[in-house]
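A short write-up of the structure that comes next.
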Amino acid sequence: MAKNAIEARRLIGKVVLFLALCWVVVLVAGLAGAARGASFEPLNIALAVIPGCAFVPAAYYAIQLHTTDDAQRISNLWRKALVYGIAGLVLLVGAAYAL
């Protein structure tokens, strides 16, 4: 596999890690709001945590994508990271819209 193709796939992994970090920032902001006395209903807490079901595996695959040099493994990992990252983004936007 060409070096440019590997770097492009790793760039996708970096974007996925950025999206997962954005979700973590949203969680920290929610926890800070809760600590300051904002009222949170159980449904709102569940909606904030649900995108993690996609972002955690996406981040896991993205990290593996950056640590391996095997071309076959990279071609499998970038697809998984991308699909989970997009699913997490859709869930995060849906949760934000529902709140």
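Taken together, the values in this text are just the output of simple stated rules run on the coordinates, not laboratory data. Not measured: the values here are computed from a predicted model. Here Cβ is always computed from backbone atoms with ideal geometry, including for glycine, and neighbour counts include all displayed protein chains.
Descriptive notes on the structure:
- With a Förster radius of 22 Å applied to the beta-carbon distance between Ser75 and Ile50, the computed FRET efficiency rounds to 0.15.
- Environment charge of Arg73, counting only residues whose C-beta is closer than 13 Å and scoring Lys/Arg +1, Asp/Glu -1: +2
- Crossing angle, helix 71-98 versus the chain [Cα axis fit, 0-90 degrees, rounded to tens]: 20 degrees
- Loop-located trypsin sites (Lys or Arg not before Pro) in the chain (DSSP state not H, G, I, E or B) with no more than 10 neighbouring Cβ atoms inside 10 Å: Arg36.
- Once both labels are positioned 7 Å from their Cα atoms along Cα-to-Cβ, the gap between Ala38 and Tyr97 label points is 2.1 nm.
- A straight chain from Ala87 to Leu11 at 0.36 nm per residue would run longer than the Cα-Cα distance by 25.6 nm.
- Each of (i) 41, 31, 25; (ii) 53, 20, 15; (iii) 40, 29, 20 is a candidate for Cα extents along the principal axes in Å; the one calculated from this structure is (ii).
- Among Ala38, Ala58, Ala81, the residue with the largest mean-square fluctuation in a Gaussian network model of the chain, with springs joining Cα atoms closer than 10 Å, is Ala38.
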